[in-house]
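To start, the structure under review is shown below, and the notes come after it.
The values are calculated or read from the model by the stated rules, or taken from the named source; none is laboratory data. None of the values given here were measured: they were computed from a predicted structure. All Cβ positions, glycine included, derive from the backbone under ideal geometry; neighbour counts span all protein chains shown. Ligands, DNA and RNA are stripped out before the accessible areas are found, and what is left, the full protein with its side chains, is counted by its heavy atoms. Shrake-Rupley method; radii C 1.70, N 1.55, O 1.52, S 1.80 Å.
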Amino acid sequence: MNLGIYLMHGYCFIFLIITLSVSSIFGQNVTQRRPSGKYTVSGYMKDSLSTESMIGATVYNRSDMSGTSTNPYGFYSITLPAGEVDLVFSYVGYVTKQLSFTLAKDTVININLAGSVQLGEVEIVADGRGSRMHDRTQMSAVQVPIAQIKAIPAFLGETDILKVLQLMPGIQSGGEGSSGLYVRGGGPDQNLILLDGVPVYNASHLFGFFSVFNADAINNVELLKGGFPARYGGRVSSVIDINMKEGNMQKFHGEGAVGIVSAKMTFEGPVWKDRTSFIVSARRTYIDVLAAPFIARMSRDEPGLDVRGGYYFYDLTAKINHRLTAKDRIYLSAYMGTDKFWVNVDEEDKSYDRTYLTNNQSGLSWGNITAAFRWNRTVTNKLFVNTTLTYSRYRMDIFYKRKETETIGQHKEQTYYGGDYRSGITDWSGRAAFDYLPSPDHYIRFGADLIYHTFNPGALGSVSESIPFSFGGNKIYTYESGLYAEDDIRLTDRLKANVGLHWSAFRVRGKFYNALQPRVSARYLLTDELSAKASYSRMAQYVHLLTNSNLGLPTDLWVPTTDLLDPQFSDQAAIGLVHNFKGAYELSVEGYYKTMRNVIEYKEGASVFDVHNEWEDKVLQGEGRSYGVELFAQKKTGSFTGWLGYTLSWSDRQFEALNQGRRFNYKYDRRHDISIVMMKKFGKRIEVSGTWVFGSGACITIPVGVIKANNPFNLMQQSDFRQYGERNGYRMPPYHRLDLSVSFNKKKRWGERSWIVGVFNAYNRKNPYYIDIEEKNRYGPQGRVTQLQYMQYSLFPIIPSVSYRFKF
């Protein structure tokens, strides 16, 4: 009952704001600015070949330079005075289309843009005025075209969206080869990862070395590091919004790739031409097949021993897109992916009249399932609504089974032992989102959502002598809801702002949390090519990730805010300058300062598998801080493209019960981070790309000495006790690496094929993966002296790869 009352109050409050703001806009237009005879041009923008929606494409009127952009479904709406208009439709990497006509009534114009082409030395590209970074109100955003993602050198030849995002300033990886993201001092649980609007709770395959997203099935990727619009909520550090392809409504197409660790295949095409389309994409690794002979060799020389095992992952992505009417579209999309690692060991011990057999099975599996149903409706030529129902499930399972069989003569006796550790999270949610465009000076968005969470923090089930029992965490059921309203408003010809408010609420175990989160971003054009930007955002987060490792392993546990564990909050402010050079080059510099409250950390000595204590008793909450400067230079068009990113940053944490209450470096605090990405096309046949990265070493805690003390159980014996220094007070050597790739492309009668040859870590840099401590005994005049010796271990040497891609 209390939840309903609070929600009703919240809804009334937010929609009162929406009503007042919309009424104010209409009043302003009627009494001050709106002349008679204004009409609206609206429609959809799509790729002329693939028919994919163009997200963030630009529409503007040359006569007064007013404009708008497309939403995630390619819809646009612009209201202009009656008379002659000169509309320009543009998108980076596509040929600009210009339409001049007399506007005398509301008009629907659907636009298909063709990709840029090269004719000898002449290149036709979009001018992209409105889509240029310095024109947008949004700051701290990262967008990388899928074609560019596929061209960048890939680890083991496997294209990875998240690894490409790591090459952007302000974004770091969790370690060598890891696909984890640490954004402006935040942790992996502080990233809201959305696949077609559905949260993905574990985005890693192969223990963190690959992400779960198949680039062949993805249409658009955007990452927000700050300046968050009010429509996003639920995490405190970043939003990664990934949109799947919709499927070609005109022709059947397929593409695939075969690499050294996996193969994938994608099919798309019309079910009903111009009305219904589909796309299905599947991927599987064959590491288990490649490793089988090596595993079998382990037991070849051991009589009575048989060892089997392996590891694989697979994922499947599918989507159906149907146009009901000119104003209504429905989408059904789904993702399913699983990782599995297992070992099966059989041992046989025979004697004169006795046979003893043991079978040991152990393994680890984890995976995601997501599904979304969407209904888009163009209510009017100024109002667009998207209604979404979603399902998301993440589950992890660790198992061990042992079977013992003893045979003596005709008598057989069997004994069973085992254990099973399970955890996960399941979400059901609904969302309604409205886009309202009353004039080119306003882009209003508002909406609401409700999520029903089921948390399984971890339960251990065991079997002994055929008697089952279990203990551990109980399931927790919670509700999370949100309301938002925002307006992207043009105040003057040079000043634009995005002002919004997000309200969220969380109900758990009879306790109610809620938070108002103001958001504001502003852009001021200093010149036609140079803009200044500033933003402030407050974010709230009600889910937490308990992790023991640096890898983002599947054993990390998702847990909710409870009556003992408070929500996380962040406040971030940023300022910056963006300069555009003739549409081909962009340069930006940003400074930011972020504070975080109620970040979590395990207590000293606590572990995820300490099932004798409740998980809420294992964690601490403290404060975090991050600040820095980011530089980004990019060339987006032409045969030579790429970017340079540099970050100077600081990040720390503070807990009363850790490091004597003093601030200490966050483990992923990096003072300097550099990335250089270059891609060069040599005609239509050859494309060369390379990346070079440099980062200050990660922070770790190491022993600084050994103290000799009497053993409390044997006073005549002395023991060595390690003395540790400042928490995360030692910085490992810097990390740097060069990756190279060459693509050989050729058109065939049936389509296109490409051979891609790549080299990871081209100059074989032995980068530190972790540092271990070994004790060395030396003997001298005073007897035995124990010294600590630090040993650095590296993971990946130079690794060549080759893959084959094809399209038809």
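One line per residue, one yes/no per condition, for (1) modelled with pLDDT of 90 or more; (2) in contact with a strand residue (DSSP E or B) (Cβ under 7 Å, 6 or more places away or on another chain); (3) within 16 Å of GLY337 (Cα to Cα):
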| position | (1), (2), (3) |
| --- | --- |
| SER211 | no, yes, yes |
| VAL221 | yes, yes, no |
| LYS225 | yes, yes, no |
| TYR232 | yes, yes, no |
| VAL236 | yes, yes, no |
| GLY247 | yes, yes, no |
| PHE278 | yes, yes, no |
| SER281 | yes, yes, yes |
| PHE294 | no, no, no |
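Just checking, which of ARG519, ARG507 is at pLDDT 95 or above and more than 22 Å from PHE228 (Cα to Cα)?
Result: ARG507 is the single residue among ARG519, ARG507 that is at pLDDT 95 or above and more than 22 Å from PHE228 (Cα to Cα).
Do you know which residues across region 672-705 are open to solvent by 50 Å² or more (accessible area, probe 1.4 Å), closer than 23 Å to GLY157 by Cβ and in a strand (DSSP E or B)?
ILE676, MET678, LYS680, LYS681, PHE682, ILE686, VAL688, TRP692
Please verify whether region 317-334 includes one or more residues that are open to solvent by 80 Å² or more (accessible area, probe 1.4 Å), of a type outside the set (A, V, I, L, M, F, W, C), in contact (Cβ under 8 Å) with a residue 12 or more places away in the chain and out of contact with any His (no Cβ under 7 Å at 6 or more places or on another chain).
The answer is yes, given that some residue of region 317-334 is open to solvent by 80 Å² or more (accessible area, probe 1.4 Å), of a type outside the set (A, V, I, L, M, F, W, C), in contact (Cβ under 8 Å) with a residue 12 or more places away in the chain and out of contact with any His (no Cβ under 7 Å at 6 or more places or on another chain).
Can you tell which of THR562, THR527, THR555, THR547 is touching a helix residue (DSSP H, G or I) at 6+ places or on another chain (Cβ under 8 Å), of a type in the set (Ser, Thr, Tyr), open to solvent by 20 Å² or more (accessible area, probe 1.4 Å) and modelled with pLDDT under 95? Write out each step before concluding.
Values: THR562 fails: open to solvent by 20 Å² or more (accessible area, probe 1.4 Å); THR527 fails: touching a helix residue (DSSP H, G or I) at 6+ places or on another chain (Cβ under 8 Å); THR555 fails: touching a helix residue (DSSP H, G or I) at 6+ places or on another chain (Cβ under 8 Å).
Of the residues listed, the single one that is touching a helix residue (DSSP H, G or I) at 6+ places or on another chain (Cβ under 8 Å), of a type in the set (Ser, Thr, Tyr), open to solvent by 20 Å² or more (accessible area, probe 1.4 Å) and modelled with pLDDT under 95 is THR547.
Residue check: is GLY185 more than 22 Å from HIS502 (Cα to Cα) and either at pLDDT below 90 or not in a loop (DSSP other than H, G, I, E, B) (or both)?
On the way: more than 22 Å from HIS502 (Cα to Cα): yes; either at pLDDT below 90 or not in a loop (DSSP other than H, G, I, E, B) (or both): no.
No, not satisfied.
For region 411-423, state whether one or more residues are in contact with a strand residue (DSSP E or B) (Cβ under 8 Å, 6 or more places away or on another chain), of a type outside the set (D, E, K, R), open to solvent by 20 Å² or more (accessible area, probe 1.4 Å) and not in a strand (DSSP E or B).
Checked against the condition, which is being in contact with a strand residue (DSSP E or B) (Cβ under 8 Å, 6 or more places away or on another chain), of a type outside the set (D, E, K, R), open to solvent by 20 Å² or more (accessible area, probe 1.4 Å) and not in a strand (DSSP E or B), region 411-423 yields no hits at all.
Here is a list of conditions, (1) within 27 Å of GLY758 (Cα to Cα); (2) at pLDDT 95 or above; (3) open to solvent by less than 60 Å² (accessible area, probe 1.4 Å), and PHE267 meets all of them except one; can you say which number that is?
Looking at each condition in turn, PHE267 falls short on (3).
Would a scan of region 85-105 turn up a residue that is open to solvent by 50 Å² or more (accessible area, probe 1.4 Å), modelled with pLDDT of 90 or more and β-branched (Val, Ile, Thr)?
Within region 85-105 (the criterion being open to solvent by 50 Å² or more (accessible area, probe 1.4 Å), modelled with pLDDT of 90 or more and β-branched (Val, Ile, Thr)), the answer is yes, since at least one residue qualifies.
In the set ASP196, ASP189, which member is among the acidic types (Asp, Glu) and open to solvent by 10 Å² or more (accessible area, probe 1.4 Å)?
The unique qualifying residue is ASP189.
If you check VAL802 against the conditions, is it modelled with pLDDT of 90 or more, surrounded by 14 or more Cβ atoms within 10 Å (Cβ to Cβ), among the β-branched types (Val, Ile, Thr) and under 31 Å from the mean Cα position of the chain (by Cα)? Steps first, answer last, please.
Working: modelled with pLDDT of 90 or more: yes; surrounded by 14 or more Cβ atoms within 10 Å (Cβ to Cβ): no; among the β-branched types (Val, Ile, Thr): yes; under 31 Å from the mean Cα position of the chain (by Cα): yes.
Considered against the rule, which asks whether it is modelled with pLDDT of 90 or more, surrounded by 14 or more Cβ atoms within 10 Å (Cβ to Cβ), among the β-branched types (Val, Ile, Thr) and under 31 Å from the mean Cα position of the chain (by Cα), VAL802 comes out as no.
Considering region 66-101 alone, what residues qualify as being free of Cβ contacts under 8 Å to residues at least 60 places away in the same chain and β-branched (Val, Ile, Thr)?
Hits for region 66-101 are THR70, VAL85, VAL88, VAL95, THR96.
Given (1) open to solvent by 30 Å² or more (accessible area, probe 1.4 Å); (2) under 25 Å from GLY247 (Cβ atoms), where does ASP306 come up short, assuming only one miss?
Among (1) open to solvent by 30 Å² or more (accessible area, probe 1.4 Å); (2) under 25 Å from GLY247 (Cβ atoms), ASP306 violates only (2).
Consider GLY67 carefully, then state whether it is modelled with pLDDT under 90 and either surrounded by fewer than 21 Cβ atoms within 10 Å (Cβ to Cβ) or under 25 Å from LYS684 (Cβ atoms) (or both).
no
Can you say whether THR79 is modelled with pLDDT of 90 or more, over 20 Å from LYS245 (Cα atoms) and out of contact with any helix residue (DSSP H, G or I) (no Cβ under 6 Å at 6 or more places or on another chain), as far as the supplied structure shows? Steps first, answer last, please.
On the way: modelled with pLDDT of 90 or more: yes; over 20 Å from LYS245 (Cα atoms): yes; out of contact with any helix residue (DSSP H, G or I) (no Cβ under 6 Å at 6 or more places or on another chain): yes.
Yes.
Determine, yes or no, whether PHE721 is in contact with a strand residue (DSSP E or B) (Cβ under 7 Å, 6 or more places away or on another chain), under 21 Å from VAL677 (Cβ atoms) and at pLDDT below 90. Working first, answer last.
Numbers: in contact with a strand residue (DSSP E or B) (Cβ under 7 Å, 6 or more places away or on another chain): yes; under 21 Å from VAL677 (Cβ atoms): no; at pLDDT below 90: yes.
No: the conditions fail for PHE721.
So which residues in region 508-524 are more than 25 Å from ASP135 (Cα to Cα) and either in contact with a His (Cβ under 7 Å, 6 or more places away or on another chain) or surrounded by 20 or more Cβ atoms within 10 Å (Cβ to Cβ) (or both)?
The answer is VAL508, GLN517.
Quick check: anything in region 582-591 modelled with pLDDT of 95 or more, assigned to a loop (DSSP other than H, G, I, E, B) and closer than 26 Å to ARG625 by Cβ?
no
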